[in-house]
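First comes the structure, then the notes that go with it.
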Amino acid sequence: MFRRFVVLVSAALFCAAPSAFAADIKVVEEIAAKVNGDIITKGDLDDQKKILERTLREEQHLTGPALAAAVREQEKDILANQISQRLLVQRAKDLQISVDADVNRQLAQMQVEYKIPDTEKFHDFIHQQLGMTFEDYKQQLTETLLTRRVIGGEVGSKVNIPEADLRKYYDEHQSEFVRKAEVYLSQILISTEGKNAEQVASAEKKAKELVARANKGEKFSELASENSDDTATAHDGGALPAIQPDQLRDDLRQIVAKTRKGQVTDPIKTPQGFLILKVNDRFEEGLAPFDDMKDRIHEFLAGPKMQPKLVEYLNRLRQEAYLEIKEGYVDTAAAPGKDTRWHEVAEIKAQTVTKKEVMATRSRKKALFLLPAGKKPVRQPIDAQASAASEQKTATPAAAPAKTKPPKVKKTKIDKIRAKAAKADKVKVKKEQKAQKAKTEKVKEQKGSGKKLKPKVEKAAPTRPLHGRIKPGQALPDDAKPDDAKPAEPKPGETSPEKPAFDKPVSNKDKPSSDTPAPTPAPVKP
């Protein structure tokens with residue numbers, strides 16, 4: 001059965017704008033119970049109540065007050081039955097049990113019994129008779145078969161029924177095991193209607209490839225769902241209703257008779273296209289063999305003996321499950337001692353700590369690196385940590401040993417100015433060297449490309465103002481030159497100031513001196 005969407009309205013909406021949303025809030029569905037990761041809603045319980053009422057009316061022919069009394073008596077166990085079924089279905093998933101083949105077989109058998117070969121009409125028939133969609137009914141049938149399989153394997157197999165009793169029941173009730181000859185098939189149809197010769201050849205090639213893939217182990221139902229052109233059976237994995245062999249065409253009957261159970265036929269050319277068949281199961285006409293009916297008889301005879309063990313098994317599943325039941329609903333099969341109280345999300349509170357505890361933890365973490373190697377800190381209570389931290393804060397630190405430092409030499413103002421000017425000169429020289437290097441690399445690139453160079457006129461760097469840099473009576477820095485000062489002509493073998501040599505760093509001694517000599521600085525007493 002499809003899951004119903006549950007609308008959860010946050011309480012923050014009411015706090016933010018109660019007047020705007022109060023009239024629009026509407027409860028769509030109410031959750032009655034939580035079973036591990038699954039939920040059971042009030043709508044699920046109402047649907048089960050309708051099914052119960054219809055079953056009592058059709059099978060026991062109850063009407064009026066008698067029907068109402070029977071429904072009222074049995075509806076109190078609906079929630080317990082739903083919880084048990086959810087637990088058994090979840091257990092089947094854990095055991096990786098699959099009943100898809102059995103589901104398709106039962107649905108096909110129903111089509112034969114009601115004589116509705118058309119798939120769409122059969123879906124409409126299910127909806128009209130049972131009051132639910134075909135998908136919902138198929139899901140319900142799947143869960144029922146999974147439940148039976150788990151009960152049979154986990155509980156029924158532990159109930160010992162002697163084979164002599166099974167054989168005795170088979171011999172005494174042979175009329176119940178007489179059946180007609182039937183074959184259960186699945187198909188893949190590759191249509192050729194309205195196609196030319198080239199397209200027909202391509203369809204035949206595709207059919208042969210699908211047969212090869214099926215023989216290699218791929219699931220026939222998945223191949224049919226993805227490739228069959230018969231849309232009526234493709235969504236069911238290509239499954240067909242149970243067919244009596246005499247209802248098949250002569251050529252198909254002969255091919256199916258030669259094909260064993262579980263095998264796939266080669267592509268069969270038909271007027272509609274290329275047909276691929278798989279024999280899922282077959283039964284011969286007459287009395288069914290004892291081996292085929294053995295499990296069915298065992299399940300029937302083990303029922304009365306299995307009930308106490310089933311209750312014990314369901315109690316164990318309930319004890320191990322995460323189970324919450326909302327107030328107002330009762331699980332009549334609740335496990336003894338199991339807490340199934342409902343917990344609202346708003347009641348969950350985050351764990352908090354005090355500021356005192358946080359500060360104590362921080363001080364302890366900071367002191368870990370002070371411990372000697374190989375020793376672990378002794379864990380103390382939070383109160384002891386806090387008191388230790390407060391004592392560390394109030395304690396007077398021990399006096400550190402005195403360190404002897406060399407005496408500092410005081411620098412005069414002139415020394416500081418000269419050092420600053422020398423540093424500026426070094427920065428300027430580095431910039432000039434970098435610019436000259438970039439210019440040389442550019443010249444080499446242009447010579448290699450054959451382009452002519454255009455002369456570039458370099459602008460002289462602006463001189464720095466003297467105001468505020470030096471006081472009267474102090475020596476001028478090297479970069480403080482008068483506007484009318486001209487650089488001296490370079491001597492032979494020397495490098496001009498605009499193009500400093502790269503193999504020898506430029507110092508203040510190599511710079512050309514100004515025409516105006518710098519005044520001699522006044523002697524400074526140490």
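Hey, could you check the range 226-267 for residues that are over 19 Å from Gln111 (Cα atoms) and touching a Phe, Trp or Tyr at 6+ places or on another chain (Cβ under 7 Å) and say which is surrounded by the most Cβ atoms within 10 Å (Cβ to Cβ)?
Pro267
Please list, ordered by first then second residue, the pairs with beta carbon atoms under 7 Å, 6 or more apart or interchain, first in the range 63-77 and under 16 Å from Ile51 (Cβ atoms), second not in a helix (DSSP H, G or I).
Short answer, once both residue conditions are applied: Ala70/Leu62; Lys76/Thr332; Asp77/Thr332.
Looking only at the range 8-44, filter to residues that are part of a loop (DSSP other than H, G, I, E, B) and surrounded by 12 or more Cβ atoms within 10 Å (Cβ to Cβ); which one of those is modelled with the lowest pLDDT?
My answer is Val9.
Please enumerate the residues belonging to the range 107-138 that are surrounded by fewer than 16 Cβ atoms within 10 Å (Cβ to Cβ), among the polar types (S, T, N, Q) and not in a loop (DSSP other than H, G, I, E, B).
Gln109, Gln128, Gln129
Hand me the list of helices (runs of 4 or more DSSP H) wholly inside the range 211-272 holding 2 or more residues that are in contact with a strand residue (DSSP E or B) (Cβ under 9 Å, 6 or more places away or on another chain) and over 19 Å from Ala101 (Cβ atoms). Before the answer, list the steps.
Working: elements: 220-227, 231-234, 250-258.
Here the list reads 250-258.
What's the number of the only condition in (1) over 33 Å from the mean Cα position of the chain (by Cα); (2) in a helix (DSSP H, G or I); (3) at pLDDT 85 or above that Asp47 fails to meet?
Here Asp47 meets the rest and fails (1).
Which of the numbered conditions does Gly238 fail, given that it passes all the others? Conditions: (1) at negative phi; (2) small (Gly, Ala, Ser); (3) within 37 Å of the chain's Cα centre (by Cα).
(1)
Considering only residues that are over 37 Å from the mean Cα position of the chain (by Cα), assigned to a helix (DSSP H, G or I) and either closer than 12 Å to Val264 by Cβ or of a type in the set (Val, Ile, Thr) (or both), which ones fall in the range 181-210?
Val200, Ala207, Lys208 - these are the residues of the range 181-210 that are over 37 Å from the mean Cα position of the chain (by Cα), assigned to a helix (DSSP H, G or I) and either closer than 12 Å to Val264 by Cβ or of a type in the set (Val, Ile, Thr) (or both).
Any residue at all in the range 139-160 that is under 30 Å from Ile39 (Cβ atoms), part of a loop (DSSP other than H, G, I, E, B), β-branched (Val, Ile, Thr) and under 35 Å from the mean Cα position of the chain (by Cα)?
no
Given the criteria closer than 30 Å to Glu222 by Cα, surrounded by fewer than 18 Cβ atoms within 10 Å (Cβ to Cβ) and either touching a Cys at 6+ places or on another chain (Cβ under 7 Å) or not aliphatic (A, V, I, L, M) (or both), does Glu320 qualify?
Answer is no for this residue.
Report, ordered by the first and then the second residue, all pairs with beta carbons closer than 8 Å, sequence separation of six or more or different chains, a first member in the range 318-338 that is closer than 11 Å to Leu87 by Cβ, and a second member that is assigned to a loop (DSSP other than H, G, I, E, B) and β-branched (Val, Ile, Thr).
Note: pairs meeting the criteria are Leu323/Thr340.
All but one of (1) more than 17 Å from Pro267 (Cα to Cα); (2) at pLDDT 90 or above; (3) of a type in the set (A, V, I, L, M, F, W, C); (4) surrounded by fewer than 16 Cβ atoms within 10 Å (Cβ to Cβ) hold for Val178, so report the exception by its number.
Status for Val178: all satisfied but (2).
For the range 78-106, give me each residue that is buried (at least 17 other Cβ atoms within 10 Å of the Cβ) and outside any helix (DSSP H, G or I).
Hit for the range 78-106 is Val99, nothing else.
Check the range 223-235 and report whether any residue there is in contact with a Pro (Cβ under 7 Å, 6 or more places away or on another chain) and under 30 Å from Arg179 (Cβ atoms). Before the answer, list the steps.
So the first thing to find is which residues in the range 223-235 are in contact with a Pro (Cβ under 7 Å, 6 or more places away or on another chain), and the list is none.
Within the range 223-235, not a single residue is in contact with a Pro (Cβ under 7 Å, 6 or more places away or on another chain) and under 30 Å from Arg179 (Cβ atoms).
The values are calculated or read from the model by the stated rules, or taken from the named source; none is laboratory data. Remember, it's a predicted structure, so these values are computed and weren't measured experimentally. Heads up, the Cβs are rebuilt from the backbone with ideal geometry, glycines too, and the neighbour counts pull from every protein chain shown.
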